[in-house]
Amino acid sequence: MNLLKLIFRFEWKQFIAQPLQLALLFFFILLGGYSLYTGGHFVEQQLRGLDTLQRNQQRQFAELIQRFDSDTSTIEGKNLAIQAGLPQVIEYRASPIATNPPSALALMAIGQRDILPFYDVVNSKRDFFTPPNTAIANPEKLAAGNFDLSFVLVYLIPLLIIVLSYDLFSREKEQQTDRLLRLHGGSLRRILFYKLLFRLGLLWLLLTAFNSIGFMLTPAAIPKDGVDFLLWNLATLIYLLFWFVLAWMVVLRGSSSRKSVLLLMGIWLGLTIVLPALCNRLVALKQPLPLRTELVSKQRATMLETWEMPIPQIVEQFYNNNLQYVPLRRPTDTAQYGNKRFVAYYDLLGRRMDKNIRAYQQEAQLHQRWLDRTSWLNPVTQMQSLLNEIAQTGLGDYLHYQGDVARFQHHWVLHMNGFLLRDAKLSKEDLKHLPQFSPSTDPGRISSIAWKIAGILFLTLAIWAVAGKMRPMEKKY
């Protein structure tokens, strides 16, 4: 213990006495601060967009309520009173909005929230062409990614670890102070380990500070989850251990400073650039990610094809698919502008479009599963996927949200059809009890996070076991 305190005190004095290391640490602090700023700015933008949607929704809904109390002594008031409670008017003026608000950690790991829709307009007409569903991803943005805290942690902090650790042993050899170290404390291996432990503790304190600041910067409108914060810190610690264990294994080889830094930089390039590119290429060939533009194009073709079908055929298929409405069947159902004709059309259109969407989501889920499989080969991509999953900003989280939207869509259609098929209006009380979207929690999320953490930890322990069989080599420089 006395040796540990002595080395920590010496390493701290040596660290603050080197302007280059202090400047490097300060530069990384600036990068971390800027990453939190960009993440916070992005989250604020999405929250402002959602707040605008909700305020517009509330204003439109209040106007619908006021129609029941319109002054019928004027022409305008009579028209508003006639329209009060009409299902078509309600959907046109105030269709419900399904939202996917950012989580408490989204500002630290933006993930794919910037290229995926975070709200959907829901109505019985199955409108698949509103702006959130037709957003086109910017290829340049996809390639560059986001400069958030997860980017600093996953890709840049390993560079700082390399700079601080590559010459841990070789510098002592090159300065011929390794024999002196043995005289002052026994095992050289233990001394080197304590020196590495000091660097680990320093970076762990730095990243914990950044994580805490990011968590505290979470807007008040977003509920904070302490469990997610603890998982984030645990993932950060294990990732730091992984890179320090790698550095420890290279240090114990006893190579020169030049060879050690070249080897560590080669490992960094391989894990952060080469291997992810190869894996993504293999996944793209094996199971390419479907384009949303293709889905939109297919939906447009489906809509045109369904609209051109004969009205009696559409109505017949509607009653075959919805036996509960057979008692409401009338000879006038095939009227060109009747409610039942449009209900039958949108029911059949929705079933066909749902089929297209299910095919799209199945391909997207297969693509995600292949990415998860290949990520086990690389702790860097595994860590990025892990942080996105903790922050609920990955593709899997979006697909789960889309499943909630589809279920709410079905519930809303059933509710509104009850009025449309009977040519009935909604009362003021009915308006106050309209279905509301409520997101659900992914039951497999925590287990998936645990498996990914275990995967990085297992690889770290495996490298540690290999390093445990190595001894500092006696080389001359």
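The values are calculated or read from the model by the stated rules, or taken from the named source; none is laboratory data. What you are looking at is a predicted structure, and each value in this text was computed from that prediction instead of being measured. Backbone-built Cβ (ideal geometry, glycine too); neighbour counts: all protein chains shown. Keep in mind that these areas ignore ligands, DNA and RNA; they rest on the heavy atoms of the full protein, side chains included. Shrake-Rupley method; radii C 1.70, N 1.55, O 1.52, S 1.80 Å.
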Pick from the range 304-325 the residues that are of a type in the set (A, V, I, L, M) and open to solvent by less than 60 Å² (accessible area, probe 1.4 Å): which of them is farthest from SER375 (Cα to Cα)?
-> ILE311
Would you be able to tell me the number of residues in the range 191-218 that are surrounded by fewer than 14 Cβ atoms within 10 Å (Cβ to Cβ) and either under 30 Å from LYS469 (Cα atoms) or touching a helix residue (DSSP H, G or I) at 6+ places or on another chain (Cβ under 6 Å) (or both)?
-> 2
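Residues in the range 260-270: is at least one surrounded by fewer than 21 Cβ atoms within 10 Å (Cβ to Cβ), at pLDDT 90 or above, under 30 Å from LEU366 (Cβ atoms) and of a type outside the set (D, E, K, R)?
So in the range 260-270, the residues surrounded by fewer than 21 Cβ atoms within 10 Å (Cβ to Cβ) come out as 261-263, 265-270.
With at pLDDT 90 or above added as a condition, the list becomes 261-263, 265-270.
Restricting the remaining residues to those that are under 30 Å from LEU366 (Cβ atoms) gives 269-270.
Then keep just the ones that are of a type outside the set (D, E, K, R); that gives 269-270.
Checked against the condition, which is being surrounded by fewer than 21 Cβ atoms within 10 Å (Cβ to Cβ), at pLDDT 90 or above, under 30 Å from LEU366 (Cβ atoms) and of a type outside the set (D, E, K, R), the range 260-270 yields at least one hit.
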Considering each residue of the range 427-472, count those that are under 30 Å from ASP69 (Cβ atoms) and of a type in the set (A, V, I, L, M, F, W, C), and give that number.
-> 3
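Yes/no per residue for (1) free of Cβ contacts under 8 Å to residues at least 12 places away in the same chain; (2) farther than 30 Å from THR208 by Cβ; (3) open to solvent by 80 Å² or more (accessible area, probe 1.4 Å); (4) among the β-branched types (Val, Ile, Thr):
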| residue | (1), (2), (3), (4) |
| --- | --- |
| ASN2 | yes, no, yes, no |
| GLN18 | yes, no, no, no |
| PHE27 | yes, no, yes, no |
| PHE42 | no, no, no, no |
| GLN60 | no, yes, no, no |
| GLU63 | no, yes, no, no |
| ASP71 | yes, yes, yes, no |
| PRO96 | no, yes, no, no |
Answer yes if at least one residue in the range 85-102 is β-branched (Val, Ile, Thr), at pLDDT 90 or above and either touching a Ser or Thr at 6+ places or on another chain (Cβ under 7 Å) or more than 22 Å from LEU431 (Cα to Cα) (or both), and no otherwise.
-> no
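Of all residues in the range 73-86 being of a type outside the set (D, E, K, R) and not in a loop (DSSP other than H, G, I, E, B), which is least open to solvent (accessible area, probe 1.4 Å)? Step through it out loud before you land on a result.
Applying the first criterion (of a type outside the set (D, E, K, R)) to the range 73-86 yields 73-75, 77, 79-86.
If we keep only those that are not in a loop (DSSP other than H, G, I, E, B) as well, we get 75, 77, 79-83.
Details: ILE75: 136, GLY77: 6, ASN79: 75, LEU80: 55, ALA81: 34, ILE82: 102, GLN83: 68 Å².
Residue satisfying both the conditions and the ranking: GLY77.
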Kindly list the number of the only condition in (1) in a helix (DSSP H, G or I); (2) open to solvent by 40 Å² or more (accessible area, probe 1.4 Å); (3) under 30 Å from PHE244 (Cβ atoms) that fails for MET470.
-> (1)
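Inside the range 337-437, counting only helices (runs of 4 or more DSSP H) that do not spill past its ends, which hold 2 or more residues that are open to solvent by less than 40 Å² (accessible area, probe 1.4 Å)? Give the derivation first.
Details: elements: 339-375, 379-391, 395-420, 428-432.
Correct list: 339-375, 379-391, 395-420.
This table checks each residue for (1) within 24 Å of PRO290 (Cα to Cα); (2) among the hydroxyl-bearing types (Ser, Thr, Tyr).
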| residue | (1), (2) |
| --- | --- |
| GLN365 | yes, no |
| ASP397 | yes, no |
| ASN417 | no, no |
| SER447 | no, yes |
| GLY455 | no, no |
| TRP464 | no, no |
| ALA467 | no, no |
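Go through LEU285, LEU246, LEU240, LEU275 for me and flag whichever is open to solvent by 40 Å² or more (accessible area, probe 1.4 Å), within 30 Å of LEU159 (Cα to Cα) and either assigned to a helix (DSSP H, G or I) or touching a residue at least 24 places away in the same chain (Cβ under 8 Å) (or both). Lay out the reasoning, then the answer.
Numbers: LEU285 fails: within 30 Å of LEU159 (Cα to Cα); LEU246 fails: open to solvent by 40 Å² or more (accessible area, probe 1.4 Å); LEU240 fails: open to solvent by 40 Å² or more (accessible area, probe 1.4 Å).
Step by step, each of LEU285, LEU246, LEU240, LEU275 is checked, and only LEU275 is open to solvent by 40 Å² or more (accessible area, probe 1.4 Å), within 30 Å of LEU159 (Cα to Cα) and either assigned to a helix (DSSP H, G or I) or touching a residue at least 24 places away in the same chain (Cβ under 8 Å) (or both).
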In this structure, does ARG253 turn out to be under 19 Å from ASP167 (Cβ atoms), open to solvent by 70 Å² or more (accessible area, probe 1.4 Å) and not in a helix (DSSP H, G or I)?
-> yes
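Pick from LEU80, LEU47, LEU30, LEU36: which is touching a Phe, Trp or Tyr at 6+ places or on another chain (Cβ under 8 Å) and at negative phi? Let's see the steps before the verdict.
Values: LEU80 fails: touching a Phe, Trp or Tyr at 6+ places or on another chain (Cβ under 8 Å); LEU47 fails: touching a Phe, Trp or Tyr at 6+ places or on another chain (Cβ under 8 Å); LEU30 fails: touching a Phe, Trp or Tyr at 6+ places or on another chain (Cβ under 8 Å).
That would be LEU36, the only listed residue that is touching a Phe, Trp or Tyr at 6+ places or on another chain (Cβ under 8 Å) and at negative phi.
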Name the one entry in LEU107, LEU50 that is part of a loop (DSSP other than H, G, I, E, B) and surrounded by 14 or more Cβ atoms within 10 Å (Cβ to Cβ).
-> LEU107
Filter the range 219-229 for residues that are among the aliphatic types (A, V, I, L, M) and not in a helix (DSSP H, G or I); the one that is surrounded by the most Cβ atoms within 10 Å (Cβ to Cβ) is ILE222
Taking into account only those residues within the range 110-141 that are open to solvent by less than 40 Å² (accessible area, probe 1.4 Å) and over 23 Å from LYS298 (Cβ atoms), which is modelled with the highest pLDDT?
-> ILE110
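Report, by residue number, each residue of the range 110-128 that is in a loop (DSSP other than H, G, I, E, B) and closer than 30 Å to LEU149 by Cα.
From the range 110-128, those in a loop (DSSP other than H, G, I, E, B) are 110-118, 122-128; that's our starting set.
Scanning the range 110-128 gives ILE110, GLY111, GLN112, ARG113, ASP114, ILE115, LEU116, PRO117, PHE118.
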